[in-house]
1. Is the stretch B:73-87 home to any residue that is surrounded by fewer than 20 Cβ atoms within 10 Å (Cβ to Cβ) and not in a helix (DSSP H, G or I)?
2. Going through the stretch B:158-191 one residue at a time, which ones are buried (at least 20 other Cβ atoms within 10 Å of the Cβ) and touching a Leu at 6+ places or on another chain (Cβ under 7 Å)?
3. Can you list residue pairs whose Cβ atoms sit under 7 Å apart, with the first residue in the stretch B:275-290 being in the same structural domain as B:Val242 (by TED's automatic domain parsing) and the second being assigned to a helix (DSSP H, G or I)? Count only pairs 6 or more apart in sequence or on different chains.
4. With the requirement that a residue be touching a Ser or Thr at 6+ places or on another chain (Cβ under 6 Å) and closer than 14 Å to B:Gly140 by Cα, what does the stretch B:75-87 give you?
5. Kindly provide the set of residues from the stretch A:175-202 that are more than 14 Å from the chain's Cα centre (by Cα), surrounded by 15 or more Cβ atoms within 10 Å (Cβ to Cβ) and of a type outside the set (A, V, I, L, M), ordered by number.
6. Are there any pairs, at least 6 apart or on different chains, whose C-beta atoms fall under 6 Å, with the first in the stretch A:85-114 and modelled with pLDDT of 80 or more and the second of a type in the set (Ser, Thr, Tyr), and if so, which?
7. Pick from B:Thr48, B:Thr54: which is away from every other protein chain (no Cβ under 11 Å) and closer than 17 Å to A:Asp151 by Cα?
8. Could you go through the stretch B:129-137 and let me know if any residue there is among the basic types (Lys, Arg), open to solvent by 50 Å² or more (accessible area, probe 1.4 Å), at the interface with chain A (Cβ under 9 Å from one of its Cβ atoms) and more than 23 Å from B:Lys184 (Cα to Cα).
Amino acid sequence: MSSANEYKPSLIRGLWALTVRELKKWLKDPVMVLMLVLQPLIWMGLLGKSMNIGALFTSGNLGNISIGNITIPGNYLIPPVNTTVTIPGPLISQMLQQMFSDIGTRVMQNTFGVADYFSYMAVGMVSMIVMTTTMFSGMSIVWDRRLGFLDKVLSTPVPRGAIIFSKVLNATLRAMFQATIILALAYILGLQLSSTFTLLNLLGIYAAIFLLGVGLSSVFIAFSLRSTRMERPMQIISLIMMPLMFASNTFFPISLMPDWMQAIARVNPLSYLTDAVRQLIILPLDAPALITDFAYLSIFAAVLAAFGIVLSWRYLTK
Amino acid sequence: MNEEVIKAEGLTKVFNKSLVAVDHVNFSVKDGEIFGFLGPNGAGKTTTINMLITVLKPAEGKASVLGYDIVKQANEVRKVIGVVPQEYTADEDLTGYENIMLCADLYGIPRETAKKRAIELLELVELTDFKDKRVETYSGGMRRRLELACGLINRPKVLFLDEPTLGLDVQTRAATWDYIKRLKKEYGMTLFMTTHYLEEADALCDRIAIIDHGKIIVTGAPSELKDSLGGDIITISIKENVDVVDIIRSVEHVKEVKNENGAYRIKAEAGEVTAPLIIEALRKKGYTVTKLSLTEPTLNEVYLEYTGRAMRDIEESREAFRAQRITLRRARGG
């Protein structure tokens, strides 16, 4: 005969069941997946390809400058000679073009770390998709509450943690999946892999995405759960998304920003995810920098997850 | 058995520090009965149920379900109760079967047992043919039945039903009542339900409590409450133009007689037995009864008697109101 004791409501099983539910819902709505990928794809295609910063320094830009012959008195030369020397204009032009294009490559290398801007910003789009995906998937708990699903789950003996963790896990898994699509598309569109890239680096990328995803989604879930109006989280997300992206190294290196903006960019977790992913894909791997990135992302994830989960917990057990 | 399955003492819930939704409510539900909370929207029914199913914590007072305290032993309570919420909470993107299995996972019911039960429950609520269809294709009645099945997956000893027929049409509502009765019989549970449909309380409940403004106004069996109004109303007209009030009053069970312009309005217990006696008494004296009508008091009259007004519709809160609208829309859309 059945008795209450035969049931073992467990965190793992509850977490699994609730996460599978979300993933099933998600996969049954491919349009939503597409829409979220579309945005960074458009950015990548339009901005990444149009802002061809590297081309500013190419010789083509000097093509229409005509330089006449230059005549130099022989005593300026090393060693000095007694006649005057005439250097033909086309030769000077050719040498300048050569120099300029060397400088261009060096400027790109020094500023962006890579020779092409597209690779630089395409990686930034990974951070963008992680941010939007985790923020928006926090919204699903608003629907769960509104439709009564949350109350029903709360009336079962499933551990409360499973409810919150399933949301965090789901948001993070989605972010990882979408980031994979973005990276694949970026590669097709011409992302230049660095010489230190191996498939193992992908694990590092997922780890970094996981950390940022957990941090961001924990906070947004707690926030969505506690806000009384469903529009509020949407408004906040659209308000902070752009500033967060521009005040980070997503599009442009931090070192060239004004001081006040640098201050923001240096605490902005997006900067650290972007840098970590760049280190792992397009830059020659700089181990100390990568360790700093991961240390920051870990602290960010731990602090925000603790904060978000405590807030959600208190709401769910009120 | 006459054991008290649910017991509430001074149960109180206050929202936003000032809105008293449930105000020192006392009641007890006996083993095996269907107990109904009847009241208008915003009376505190759903809040009471949410406290009993451990979703909300009471501000004051205490309650127990099967002897487990709803606050201190919340997890024990959750294991032995089943909940059929007011809203359609089944996930629209999942199939009926997947929804039931999700519930089973939340209770931690062993997989094999859960599969067997899910099939059995789907059979019981006649959804077997639709078990692999997504819930978004279900009608309102089917969704309600699926909710019932989900609420029973853990073989609860107490089942809570919050407005089980909200938004359903008359036929579906009657069918849902049948399911509820059948499920109760099959599993021998105690049922606690809320409703604002008087006929629902009348048709299903063994005992009801009328609640308004967070307070229980009266508790009793529907028939008891009706009797408390003073019994049935019999109206009689006779052919002869004579006052026969005294004759009628002498008949057994008659409590009150009024002559209203030749029509006699009689309050009597057990009207269906008393009416023939009255006719008999009048005929013995040589009078002929030309017209007779018998009205049994409805819960509506009980309700009016105790709350002093008809059922009214006020929104519990923005959120509750919207949730209800969504539920209604889903019910219609399906």
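1. yes
2. Within the stretch B:158-191, B:Val158, B:Leu159, B:Phe160, B:Leu161, B:Gly167, B:Thr176, B:Ile180, B:Leu183, B:Met189, B:Leu191 qualify.
3. Matching pairs, first to second residue: B:Ile278/B:Ile248; B:Ala281/B:Ile247; B:Leu282/B:Ile247; B:Lys285/B:Ile247; B:Val289/B:Ile279; B:Val289/B:Leu282.
4. Passing the criteria: only B:Glu87.
5. Once the filter is applied, which keeps residues that are more than 14 Å from the chain's Cα centre (by Cα), surrounded by 15 or more Cβ atoms within 10 Å (Cβ to Cβ) and of a type outside the set (A, V, I, L, M), the stretch A:175-202 yields A:Gln192, A:Ser194, A:Phe197, A:Asn201.
6. Close Cβ pairs (under 6 Å, with a partner that is of a type in the set (Ser, Thr, Tyr)) amount to A:Thr86/A:Thr71; A:Phe112/A:Tyr120; A:Val114/A:Tyr120.
7. Details: B:Thr54 fails: away from every other protein chain (no Cβ under 11 Å).
Only one candidate qualifies: B:Thr48.
8. Scanning the stretch B:129-137, I find at least one residue that is among the basic types (Lys, Arg), open to solvent by 50 Å² or more (accessible area, probe 1.4 Å), at the interface with chain A (Cβ under 9 Å from one of its Cβ atoms) and more than 23 Å from B:Lys184 (Cα to Cα), so the answer is yes.
The values are calculated or read from the model by the stated rules, or taken from the named source; none is laboratory data. Nothing here was measured: the structure is a model prediction, and the numbers come from that model. Virtual Cβ from ideal backbone geometry, glycine too; neighbours counted across all protein chains shown. In case anyone asks, the SASA skips ligands and DNA or RNA and just uses the protein heavy atoms, side chains included. Shrake-Rupley method; radii C 1.70, N 1.55, O 1.52, S 1.80 Å.
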